[in-house]
Amino acid sequence: MLTWMPELKGRSLLRLASFTDEEMLNLIDLAAQLKARRAAGVRGDLLHRKNIALIFEKSSTRTRNSSIIAARDEGGGAEYLTRPDIHFGKKESVKDTARVLGRIYDGILFRGFAQSTVEELAKWSGVPVWNGLTDDYHPTQILADLLTVRETFGSLENCTVAYVGDGRNNVANSLMMGCAKAGVRYVCCAPKELRPDEQVLAEAAAVAAKNGVDVRVFENPKEGVKGANVLYTDVWVSMGEEAKTAERIAMLRPYQINMDLMAATGNLGGRLMFLHCLPAFHDFNTEVTKECGALEVTDEVFESKYSKVFDEAENRMHTIKALFVSALCDHAAL
Ligand code: CP
Ligand code: NVA
């Protein structure tokens, strides 16, 4: 029997602050239940005849496929809509598109540029809207990250996450808040140009303090990662920032996660894992890295026993499913 908080019915996820701490942890717990249920061979009907619109302005492997399979596994459907496919923002305003799609679909997942777009979709569609990444936040990613930490270490207690790299991107912003809400210590290691935005930092620090932990920022990565249990990184150039590639590579080279940095945690023989939201530049096998090789993480770390990146990627599906089920399925139908 699956259990989750009835308060999650009809709810949107625009950023992690959309949920109380308890609601966020409850969603992660529901994802763990759904994962176990799927592993037992159950493909249910919790989303029977529920239809979800996926509006994508940016590329995606994990978020797109997780959403489609999450809906399909439970008897629902998802339609992938890119900007050239629909009138969105060109011949039709976001507000009008929201009102149309809200009459047709049961929910909307949006990936794109402006945070204001996902907020406008939520304001006008009348259905739950989920943020599948904007320039500012990536909340569905962090649900999967926290699930991965919980299942690898057995709990989220007494844990320190050190994020190393572009400390003010969408993943870093949401990870900082997710850790604060979960009572996990968060350390950001970034050059001063890429420190977290002061307001985003202050908001997370206040939540962290309430939960008995803290948020710290270091410029020196070797100092910052001391005692960390999770080393986390993301690409140095996020989608939409491609013009900054050369500048970022020069700035972030000293922030690469390699075995020396893993060792600097002091936890090589203890509780330690490597996470990355993916895609990752860890080898010569991409168009970007075919000349230069690894960027934000070495192949050695990526392929090591510490790396849980594919558990993390799989967990995108279970956590997105938890979001869809908790928002769209009636408890009474169970
Ligand atoms: N981590 C993540 O969001 O991956 P995609 O860009 O492939 O969706
Ligand atoms: N920060 C990255 C995350 C990709 C999942 C980007 O926005 O491109």
Cβ pairs under 7 Å, 6+ apart or interchain, first in the stretch 306-334 and aromatic (Phe, Trp, Tyr), second modelled with pLDDT of 95 or more and part of a helix (DSSP H, G or I), ordered by first then second residue, are Tyr306/Met262; Phe324/Ala70; Phe324/Ala71
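Conditions (1) in contact with a Gly (Cβ under 7 Å, 6 or more places away or on another chain); (2) closer than 17 Å to Glu242 by Cα; (3) assigned to a loop (DSSP other than H, G, I, E, B), marked per residue:
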site	(1), (2), (3)
Ala263	no, no, no
Gly266	yes, no, yes
Gly270	no, no, yes
Phe274	no, no, no
Ala280	no, yes, yes
Phe284	yes, no, yes
Thr289	no, yes, yes
Cys292	no, yes, yes
Leu295	no, yes, yes
Selection from the stretch 297-313 of residues among the aromatic types (Phe, Trp, Tyr), open to solvent by 20 Å² or more (accessible area, probe 1.4 Å) and part of a helix (DSSP H, G or I) yields Phe310
Restricted to the stretch 207-241 and to residues being part of a loop (DSSP other than H, G, I, E, B), farther than 20 Å from Asp21 by Cβ and among the aliphatic types (A, V, I, L, M), the residue nearest to ligand 2 (Cβ to nearest atom) is Met239
Scanning the stretch 242-280 for residues that are of a type in the set (Ser, Thr, Tyr) and within 16 Å of ligand 2 (Cβ to nearest atom) gives Thr245, Tyr255
Of the conditions (1) without any contact (Cβ under 8 Å) to a residue 40 or more places away in the chain; (2) acidic (Asp, Glu); (3) under 25 Å from Ala144 (Cα atoms), the single one that Glu223 does not satisfy is (3)
The stretch 81-200: strands (runs of 3 or more DSSP E) wholly inside it with 3 or more residues that are closer than 21 Å to Met317 by Cα, within 16 Å of ligand 1 (Cβ to nearest atom) and open to solvent by less than 10 Å² (accessible area, probe 1.4 Å) are none
By residue number, the members of the stretch 49-80 that are part of a loop (DSSP other than H, G, I, E, B) and within 16 Å of ligand 2 (Cβ to nearest atom) are Glu57, Lys58, Ser59, Ser60, Thr61
Of those in the stretch 31-60 that are among the aliphatic types (A, V, I, L, M) and touching a His at 6+ places or on another chain (Cβ under 9 Å), the residue farthest from Leu328 (Cα to Cα) is Ala32
Log entry, pairs with first residue in the stretch 191-208 being among the β-branched types (Val, Ile, Thr), second being at pLDDT 95 or above and surrounded by 13 or more Cβ atoms within 10 Å (Cβ to Cβ), beta carbons closer than 8 Å, six or more apart or on different chains, reads Val200/Arg168; Val200/Asn173; Val200/Met176; Val200/Met177; Val207/Asp21; Val207/Met177; Val207/Ala180; Val207/Lys181
_Condition check for Asn285: without any contact (Cβ under 8 Å) to a residue 12 or more places away in the chain, open to solvent by 40 Å² or more (accessible area, probe 1.4 Å) and of a type in the set (S, T, N, Q)_ = yes
Checked against (1) within 14 Å of ligand 1 (Cβ to nearest atom); (2) in contact with a Lys or Arg (Cβ under 7 Å, 6 or more places away or on another chain); (3) assigned to a helix (DSSP H, G or I); (4) open to solvent by less than 10 Å² (accessible area, probe 1.4 Å), Ile320 satisfies every condition except (2)
In the set Glu296, Glu287, the lone residue that is over 30 Å from Ala36 (Cβ atoms) and modelled with pLDDT of 95 or more is Glu296
Of Ser59, Ser66, the only residue that is at pLDDT 95 or above, buried (at least 18 other Cβ atoms within 10 Å of the Cβ), within 30 Å of Ala180 (Cα to Cα) and polar (S, T, N, Q) is Ser66
Over the stretch 6-24, the set of residues open to solvent by less than 30 Å² (accessible area, probe 1.4 Å) and closer than 15 Å to Asp330 by Cβ is Leu8
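The values are calculated or read from the model by the stated rules, or taken from the named source; none is laboratory data. Please read all numbers here as calculations on a predicted model, not as lab measurements. Ideal geometry is used to build each Cβ from the backbone, glycine not excepted, and the neighbour counts take in all protein chains shown. Side chains included, ligands, DNA and RNA excluded: accessible areas come from the protein's heavy atoms. Shrake-Rupley method; radii C 1.70, N 1.55, O 1.52, S 1.80 Å.
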